[in-house]
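Only one structure is covered here, and it is reproduced in the block below.
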Amino acid sequence: MHPIIILGSGPAGLTAALYSARARLQPLVVDGHEAGGQLTLTTMVENFPGFPDGLMGPDLIASMRKQAERFGAGFRGGSATAADLSRRPFRITIDGAVEECQGLIIATGASARLLGLESERKLMGHGVSTCATCDGFFFQDQEILVVGGGDSAMEEAIFLTKFAKRVTVVHRRDKLRASKIMQDKAFKNPKIDFTWDSVPDEILDVNQGKVTGVRIRNLKTSAVTERPVEGVFIAIGHTPNTQIFRGLLEMDEVGYIKTHEGTRTSVPGVFAAGDVQDRVYRQAITAAGSGCMAAMDAERFLEHAGH
């Protein structure tokens, strides 16, 4: 029986682990399907306070992990595949084994939707990114491609014009899904142009270990063109990793867990932190902050529940 189980090992889960370990709650952290979360896909992180020279995403995660371990947090690999939240202790199935806990912190994050290209995966962090706020700064005066047609794609494209020479938005349809106000802003921006009815077929050049261009296929004519670019931003949405909690916790229409009074969910004793409940900011620092909140909320809950 664990006082607290924390699902997820990104900034939210690791900060929750640090706080609950220091409160002597001996948390068990379950790594999840992407140990370390989205930061492990990032090379240089320059916007985490306290590191004036920046640091590598995986190094930041490793330091957070070591800090939580120092105070007694336990870690195990694997992913949660099922949950029974109908009564306490909660029962969580992790790769076939059932673990019980009095308090649960869900910090399973959200995964950026990707195009599914092999080259995209290989060049992630080397010119391919899913976060303009994180990586835009590295593309001063360069040609950039943004894939997507919703609000987040327009936000990314507009943000990137602060740095880029030119931003090309590639969208699979002939009109945007973005809200009218975001469309107007993007259309008015002289640095943004649009390629319609098209999808990236291949990101070049894996052999050079960096982005040099994109092969674009027109879905109506099947014509393939090559465009030289130095950065590709994928902005086709995020999927919160909440599949096993559907029907058990209150969520919004996309699947983000709804929280109230801090990090409380619709089930007392279950808390949610980081990108799994935040569809707006999605930054390492905001995830870490909400991990701290979840640990404090869980500690108070367990105190009042008599554990």
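Worth a mention:
- Screening the chain for whole DSSP H helices with an alpha carbon extent of at least 27 angstrom along the helix axis and a mean Kyte-Doolittle hydropathy of at least -0.5 yields 284-305.
- Over 28 Å (Cα to Cα) - which of 191/220; 180/210; 162/210 fall in this group: 180/210
- Looking at segment 114-234 alone, DSSP beta bridges between its own residues are antiparallel in about 40 percent of cases.
- Here the gap between residue 86 and residue 47, fully extended at 0.36 nm per residue and compared with their Cα-Cα distance, gives a gain of 10.0 nm.
- Lacking any other cysteine beta-carbon closer than 4.7 Å, the following Cys residues of the chain have no compatible partner: 101, 292.
- Charge dipole of the chain (Cα centre as origin; +1 on each Lys and Arg Cβ, -1 on each Asp and Glu Cβ, all else neutral): 360 debye, rounded to the nearest 20.
- Positive-pole candidate from 231, 203, 161, dipole of segment 114-234, charges at beta carbon: 161
- Residue order for 215, 264, fewest other beta carbons within 10 angstrom first, comes to 215, 264.
- Projected label points at residue 285 and residue 254, each 7 Å from Cα along the beta carbon direction, are separated by 2.2 nanometres.
- Taking a ≥ b ≥ c as the square roots of the Cα gyration tensor eigenvalues, the chain comes out prolate, since a/c reaches at least 1.5 and a/b is larger than b/c.
- Contact order for segment 114-234, expressed relative to its length and based on alpha carbon pairs under 8 Å spaced 6+ residues apart, stands at 31 percent.
- Per-residue Cβ neighbour rank within 10 angstrom, fewest leading, 6, 285, 106: 285, 106, 6
- Estimated 222 nm signal from helices in the chain, with DSSP H stretches of n ≥ 4 weighted -39500 (n - 2.57), rounded to 500: -7500 deg cm²/dmol
- Sequence of 4, 158, 92 once ranked by neighbouring C-beta atoms within 10 Å, starting from the fewest: 158, 92, 4
- Filtered GluC sites (Glu not before Pro), segment 217-272: DSSP coil and at most 16 other beta carbons within 10 Å: 250, 253, 261
- Cα gyration tensor shape of segment 114-234, rounded if a/c is under 1.5, else prolate or oblate by comparing a/b with b/c: oblate
- In a simple Cβ point-charge model (Lys, Arg +1; Asp, Glu -1; nothing else charged), segment 114-234 has a dipole of about 340 debye relative to its Cα centre.
- Full extension of the chain between residue 121 and residue 59 gives 20.3 nm of extra length, using 0.36 nm per residue less the Cα-Cα distance.
- The chain: antiparallel DSSP beta bridges as a percent of all, rounded to 5: 45 percent
- Relative contact order for the chain: 21 percent, from Cα pairs under 8 Å spaced at least 6 residues apart, divided by residue count.
- R0 of 30 Å, Cβ-Cβ distance residue 69-residue 1: FRET efficiency to nearest 0.05: 0.90
- Taking 16 Å as the cut-off, the amide N atoms of segment 42-80 that come nearer than this to a point 7 Å along the Cα-to-beta-carbon line of residue 114 belong to 42-43, 58.
- Inter-label distance, nm, simple model (7 Å from Cα along the C-beta direction), residue 93/residue 222: 4.5 nm
Throughout, read-outs are computed from the coordinates displayed, never taken from laboratory work. Not measured: the values here are computed from a predicted model. Backbone-built Cβ (ideal geometry, glycine too); neighbour counts: all protein chains shown.
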